[in-house]
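The values are calculated or read from the model by the stated rules, or taken from the named source; none is laboratory data. Quantities reported herein were computed from a predicted structural model and do not represent experimental measurements. Positions of Cβ are generated from backbone atoms using ideal geometry, with glycine treated the same way; all protein chains shown enter the neighbour counts.
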Amino acid sequence: MIQLTVGKRDIEADVKTDDKPDLNVPDKIIGELVKIFKLLSDETRLRILFYLTRTPELHVRALCELLDQSQPAVSHHLALLRLEKLIESRRDGKHNFYHLVPERFEQLLDLVFGDVPSDQRRVRFESYVLAYSPAT
């Protein structure tokens, strides 16, 4: 049953909800995604992740050179990414090397597509389609 106000009249109508998809998204999922998207909205952090997709790991100094930023600035961005478990570090003597955590990205995709039937796990952006199909 839905209630609409048209002009000064209230109208009640029975609506079949069986045919409509459930569009509700749990607040926990929205909160998690907002946190991640805010983190990724920074150009430097996005570049760091982009660079780490291209190589197994990178030393902090190499990231400083690629980003043309100071070591404290880069370390700050790395710490934020590490807190969200998007990257991990490996210490070798005095040097820290960073790499992606693929499982974390899988978890994020599962958050987005988890409740969607497997044959519908895609989003269309005009002529592009983003599809998610977990490897088996």
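Checked against (1) of a type outside the set (D, E, K, R); (2) over 23 Å from LYS28 (Cβ atoms); (3) surrounded by fewer than 13 Cβ atoms within 10 Å (Cβ to Cβ), SER118 passes all but a single condition, namely (2). For segment 31-81, a residue qualifies if it is in a helix (DSSP H, G or I), of a type in the set (Asp, Glu) and surrounded by 14 or more Cβ atoms within 10 Å (Cβ to Cβ), and exactly one does: GLU32. The set of residues in segment 99-136 being among the aliphatic types (A, V, I, L, M) and touching a helix residue (DSSP H, G or I) at 6+ places or on another chain (Cβ under 8 Å) consists of LEU100, LEU108, LEU111, VAL112.
In summary, SER41 fulfils each of the numbered conditions (1) under 25 Å from GLY114 (Cα atoms); (2) of a type outside the set (Phe, Trp, Tyr); (3) modelled with pLDDT of 90 or more; (4) in contact with a Leu (Cβ under 9 Å, 6 or more places away or on another chain) with the single exception of condition (4).
Looking at (1) over 18 Å from HIS99 (Cα atoms); (2) of a type in the set (Gly, Ala, Ser); (3) over 19 Å from the mean Cα position of the chain (by Cα), find the lone condition where ALA62 falls short. Status for ALA62: all satisfied but (1). Mind listing whichever residues of segment 110-136 are aliphatic (A, V, I, L, M) and modelled with pLDDT of 75 or more? Within segment 110-136, LEU111, VAL112, VAL123, VAL129, LEU130, ALA131 qualify. Reported count of residues in segment 83-115, each being assigned to a helix (DSSP H, G or I) and closer than 24 Å to PRO26 by Cβ, is 12.
Within segment 51-106, if we keep just the residues that are closer than 19 Å to PHE37 by Cβ and of a type in the set (Lys, Arg), the residue that is modelled with the lowest pLDDT turns out to be ARG104.
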